[in-house]
1. If you line up the long axis of helix A:35-45 against the longest principal axis of chain A, both from Cα atoms, how many degrees apart are they, to the nearest 10?
2. Please report the projected area of the range B:1-111's Cα convex hull averaged over all directions, in nm².
3. List the distances, in nm to one decimal, from the label point of residue B:40 to the label points of the same position in every other copy, shortest first, placing each label point 7 Å from Cα along the Cα-to-Cβ direction.
4. Do any cysteines of the protein assembly as shown lack a neighbour Cys whose Cβ is under 4.7 Å away, and which are they?
5. Given an 8 Å cut-off on Cα distances and at least 6 residues of separation, report the relative contact order of the range A:88-136 as a percent.
6. Hey, for residue B:76 with labels 7 Å out along Cα-Cβ, what do the inter-copy distances come to in nm, ordered shortest first?
7. Can you compute the modelled spin-label distance between residue B:31 and residue B:55, with each label point 7 Å from Cα toward Cβ, in nm?
8. If you take every residue apart from residue A:77 with its C-beta less than 12 Å away from the C-beta of residue A:77, what net charge results, scoring Lys and Arg +1 and Asp and Glu -1?
Number of protein chains: 2
Amino acid sequence: MSDLLERLRGRGWRLTSQRRVVAEVLDGEHVHLTADEVHARAVERLPEISRATVYNTLGELVCIGEVLEVATDGRAKRYDPNAHHAHQHLICSGCGAIRDVHPLGDPLAALPEAERFGFTVSGAEITYRGLCPQCSNRP
Amino acid sequence: MSDLLERLRGRGWRLTSQRRVVAEVLDGEHVHLTADEVHARAVERLPEISRATVYNTLGELVCIGEVLEVATDGRAKRYDPNAHHAHQHLICSGCGAIRDVHPLGDPLAALPEAERFGFTVSGAEITYRGLCPQCSNRP
DNA sequence: ATCCTAACTTGGACTTTGTCCAAGTCAACA
DNA sequence: TGTTGACTTGGACAAAGTCCAAGTTAGGAT
């Protein structure tokens, strides 16, 4: 189970039941939940947990790099617990399903110096879009 | 000026003063405005224009592919009038500045068949992140 | 030119997503 | 076992966006 909790303890976090539950929800299913979805699942295990605490905890996890924030559309942010393994995202335009994918090569290498405009470029996120098998079989 | 307006007329759009103003705002400065910024600029030319109309018009322009919606963070969507020229975005993590950039090669080519999971992949958006020259010279 | 009508716009109410804060609670160390 | 500062809570607030009934108007028909 959660070595995530161990890492948090190592960083001096107080291990409250709330943080434990949020970590478990994220660690449990490696999907890309919104903050409200995390809250809903957390409430199943700890009915009094507040939205504010879920937002706080997610924000802290993002800050320390344990979780990635994914802005796939203009809607709610999604939280990706798979932060320690480089990957990109493939999103179904039909139903919104998200998959982790692993493209070849380093996307940064494709951006020539002349196209960097003096920026210190540190990363690249790729969002592939398409239709999942189910949505392909419908209009 | 706006051949965008010509294309809209060609599609059977009623050319209202509101739509004209929104098109002019987008066409005028090729930056990446939020809906509220578009509204603010539109109001300067047409004081009574409502937020709802700006949202409607932007949504329609996105639907017909004249404008791209860019979700760079979890905040407001940004609207990119440069839809007809393939490009990606480079964003400053310090100040949020956005530049259009042109990486080499086709990002789709980097995604092997085995990593597509049966999806019909149709596009890829790349968001490069880094620090702009100004922000590099500060913490 | 004028009329008609479907298409468009308006303003305000409402929803979703997220932030903030004062007051109360509790994990962890002594 | 007590203490204390870190954490949590609920509710108010804010930002971004959607929806709708009522009013207006562009543009084809007359």
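1. Around 30 degrees separate the two axes.
2. Details: hull surface 33.7 nm².
That works out to 8.4 nm², a quarter of the Cα hull's surface.
3. Nearest to farthest, the other copies are at 3.5 nm.
4. Flagged as lacking a Cys partner: A:63, A:95, A:135, B:63, B:95, B:135.
5. Details: 49 pairs, mean separation 27.2, N = 49.
It rounds to 56 percent for the range A:88-136.
6. The answer, with the shortest distance listed first, is 2.3 nm.
7. 2.4
8. Working: positive: A:75, A:78, B:75; negative: A:36, A:37, A:69, A:73, A:80, B:73.
Cβ neighbours under 12 Å give a net charge of -3.
Throughout, read-outs are computed from the coordinates displayed, never taken from laboratory work. The model shown is predicted, which means the values in this text are computed figures rather than measured ones. Positions of Cβ are backbone-derived with ideal geometry, glycine not excepted, and every protein chain shown enters the neighbour counts.
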